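Scroll down for the structure; my scribbles are underneath it.
Only the coordinates and a few stated rules stand behind these numbers; no lab work does. Fair warning: this is a prediction, and the values are worked out from it, not measured in the lab. With ideal geometry, Cβ positions are generated from the backbone for all residues, glycine too; neighbour counts draw on all protein chains shown.
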Amino acid sequence: MEEKVFKPAIFRRAPVTVSLIVTITLGLALIYYYFKSKAESLVVSSNRVSYKSGLISKDQKDLKLDRISQVRVEQSIFQRMMNTGDVLIFVSGDKADMVARGFVDPNGIKKLIDDRLYSD
């Protein structure tokens, strides 16, 4: 007679344990991204653009509006669906001097900066 081997499935063997592991992992990821989003801000004033980041140690970059040469928005297809994106601000050269990643309505931010730049 032929022999058959049976093995238990991971989830069926310990459904509570697997559910707890998945829930805790997702919860920690949400908490991480919540604090990461609260630790960044982009401020557009009448004469400068400031980007602040960091929860414990802070990093701040300031650019005067009259020095900005170009503002560009980069969005992946998923970012376009979620209306988020990256705002890249150039002063001179090919490398962005300020990169603000994952902001809501990046085209609105670009339009606001462009309006302040060319309001003369």
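Checking the table Lys61/Lys95; Lys36/Lys64; Lys36/Lys58 against a 19 Å threshold on Cα-Cα, which pairs fail?
Lys36/Lys64, as the Cα separations exceed 19 Å there.
Connecting C-alpha atoms closer than 10 Å in a GNM of the chain, tell me which of Ser57, Ser37, Ser46 has the biggest fluctuation.
Looking only at Ser57, Ser37, Ser46, the largest GNM fluctuation is found for Ser57.
Whole-Hz Karplus ³J(HN,Hα) for the stretch 18-34, in order, using 6.51 cos²θ - 1.76 cosθ + 1.60 and θ = phi - 60°, x for Gly and Pro?
Ordered by residue, 3J(HN,Hα) equals 5, 4, 5, 4, 5, 5, 5, 4, 5, x, 5, 5, 5, 5, 4, 6, 5 Hz.
Check each of the chymotrypsin sites (Phe, Trp or Tyr not before Pro) in the stretch 1-89 and keep only those in coil by DSSP with at most 12 other C-beta atoms within 10 angstrom; list them in order.
Passing both the DSSP loop test and the Cβ count: Phe6.
Near the amide H of Val91, under 5 Å away, which other amide H atoms are found, from residues 5 or more places off or on another chain, if H is placed in the peptide plane?
Residues meeting the amide H criterion: Ser69, Asp97.
Set Lys and Arg Cβ to +1 and Asp and Glu Cβ to -1, take the dipole of the chain about its Cα centre, and tell me which of Ser57, Phe103, Val71 lies farthest positive.
Ranked along the dipole, the leading option is Ser57.
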